[in-house]
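Colleague: Questions regarding the structure given below will be posed in turn.
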Amino acid sequence: MGTGEITVEFATELELFVAAGLRGGPSSVRVDGVSTVGHVVESLGVPLTEAGALVVNEQTVGPAYVPKDGDSLAVRAVTRPQRMPDPVRFLLDIHLGTLVRRLRLLGIDAAYENPDIGDAALATRSAAERRILLSRDRGLLRRREIYAGAYIYSHKPAEQLDDVLSRFAPPLAPWTRCTTCNGLLRETDKATVLERLPNQTEQTYDTFAQCVDCGQTYWKGAHHARLDAIVAHAQRKFGS
């Protein structure tokens, strides 16, 4: 088995994933002559979902390339917007409940499992439905079977939303999707949903929408101004 040493440099955006000694410029890393460059990058802490171009000796290579002694590897960040071969649809892990509701508020197809179904089942669903898996769990994003994935860098929902919209540029269609179940909404008349309305609501509001899947009813209630601010920000910053 051959062994050797390569030089690795990570994009600044990726340095949060790697040990301190690998930050701030090129670093020497041992290779075994067998492991692929994709394996090397992940073994150093960076999920391949977060790696953009892999450049060896100034030539872009695929993750299956096997680095050899003396190679120079530059790991770029993902180019934004990241273009996908299929319509953009998401699957979020259990820890991203607020983000999933905000994505649905914008009309973006965002699936969510609550209670948690486990990493293996999430990865399987991502592959079966060709959904981009969003998570802060690096181990989950390293699962080979996922269709595609993205690490969520911030703990704050507003920053999380901006990050996803910036990275994938999904088309926005606010107020068209149920924030509870991800189903589509349709306009409905008051008489149809009267039994579902809280006391006094039917006297105050006249415009309603209902989810075609779960039956959840929506109207412009007390929280509408806060939600409208989220929508207005997204449309101003990311709308086409």
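The values are calculated or read from the model by the stated rules, or taken from the named source; none is laboratory data. Values in this document were obtained by computation on a predicted structure and should not be read as measured data. Glycine gets a Cβ as well: all are built from the backbone with ideal geometry, and neighbour counts include every protein chain shown. Only protein heavy atoms, including side chains, enter the accessible area calculation; ligands, DNA and RNA are left aside. Shrake-Rupley method; radii C 1.70, N 1.55, O 1.52, S 1.80 Å.
Colleague: Would you please give the residues with an amide H less than 5 Å from that of CYS178, counting only those at least 5 places away or on a separate chain, with H modeled from the backbone geometry?
Modeller: GLY183, LEU184, LEU185
Colleague: Same structure, new question: Note down the nm distance, to one decimal, between modelled labels 7 Å out along Cα→Cβ at ILE117 and at THR98.
Modeller: 2.5
Colleague: A further question on this structure: Answer with one residue from THR49, THR36, SER154: the one whose Cα lies farthest towards the positive end of the charge dipole of the range 1-159, charges on Cβ with Lys, Arg +1 and Asp, Glu -1.
Modeller: SER154
Colleague: How much of the DSSP bridge set in the range 1-138 is antiparallel, in percent, rounded to the nearest 5?
Modeller: 55
Colleague: Charges on Cβ only, +1 for Lys and Arg, -1 for Asp and Glu, centred on the Cα centroid of the chain; of LEU16, THR180, ALA127, which one is farthest towards the dipole's positive end?
Modeller: The Cα lying farthest towards the positive end belongs to THR180.
Colleague: Cα gyration tensor of the range 1-113, axes a ≥ b ≥ c as square roots of the eigenvalues: rounded (a/c below 1.5), prolate (a/b > b/c) or oblate?
Modeller: Prolate.
Colleague: Assigning unit charges at the beta carbon (Lys, Arg +1; Asp, Glu -1) and nothing else, what dipole magnitude in debye, to the nearest 20, does the range 25-132 show about its Cα centre?
Modeller: 480
Colleague: Then there's this: Beta carbons within 10 angstrom, averaged per residue: use that to sort the peptides 23-32, 120-129, 86-95, highest first.
Modeller: Going by the mean number of other Cβ atoms within 10 Å, highest first, we get 86-95, 120-129, 23-32.
Colleague: Related question: Over the chain, with every protein chain in place, what whole percent of the accessible area is carbon and sulfur at 1.4 Å, could you tell me?
Modeller: 49
Colleague: Continuing with the same structure: Could you check which residue among GLY183, GLY118, GLY221 shows the biggest mean-square fluctuation in a GNM of the chain with a 10 Å Cα cutoff?
Modeller: Answer for the Gaussian network model of the chain: GLY221.
Colleague: Report the semi-axes of the equivalent ellipsoid for the chain in whole Å, largest first, where each axis is √(5λ) for an eigenvalue λ of the Cα gyration tensor.
Modeller: Ellipsoid semi-axes (Å, largest first): 45, 17, 14.
Colleague: To the nearest 10 degrees, how steep is helix 119-129 against the longest Cα principal axis of the chain, on a 0 to 90 scale?
Modeller: The angle comes out near 70 degrees.
Colleague: Can you find, among SER166, GLY107, PHE90, the residue sitting farthest towards the positive end of the charge dipole of the range 56-173, where Lys and Arg contribute +1 and Asp and Glu -1 at Cβ?
Modeller: Positive-end residue among those listed: GLY107.
Colleague: At a Cα cut-off below 16 Å, give the aspartates and glutamates reachable from LYS220, other chains included and same-chain residues fewer than 8 away excluded.
Modeller: List returned: GLU187, ASP189, GLU202, ASP206, ASP228.
Colleague: Can you give me the accessible area per residue for the chain, using a 1.4 Å probe, in Å²?
Modeller: Ligands and nucleic acids excluded, the figure is 53 Å² per residue.
Colleague: Any idea what the dipole of the chain comes to, in debye rounded to 20, about its Cα centre with Lys/Arg Cβ at +1 and Asp/Glu Cβ at -1?
Modeller: Dipole about the Cα centre, nearest 20: 440 debye.
Colleague: Considering Cα pairs under 8 angstrom that are at least six residues apart, work out the relative contact order of the chain and quote it in whole percent.
Modeller: It comes to 15 percent, rounded to a whole number.
Colleague: Now for a separate question. Could you tally the net charge around PHE17, taking each other residue with its Cβ under 14 Å from the Cβ of PHE17, Lys/Arg +1 and Asp/Glu -1?
Modeller: Combined, the nearby Lys, Arg, Asp and Glu give -1.
Colleague: While we're on this one: What's the local net charge at GLY52, with K and R +1, D and E -1, over the other residues with C-beta under 10 Å away?
Modeller: 0
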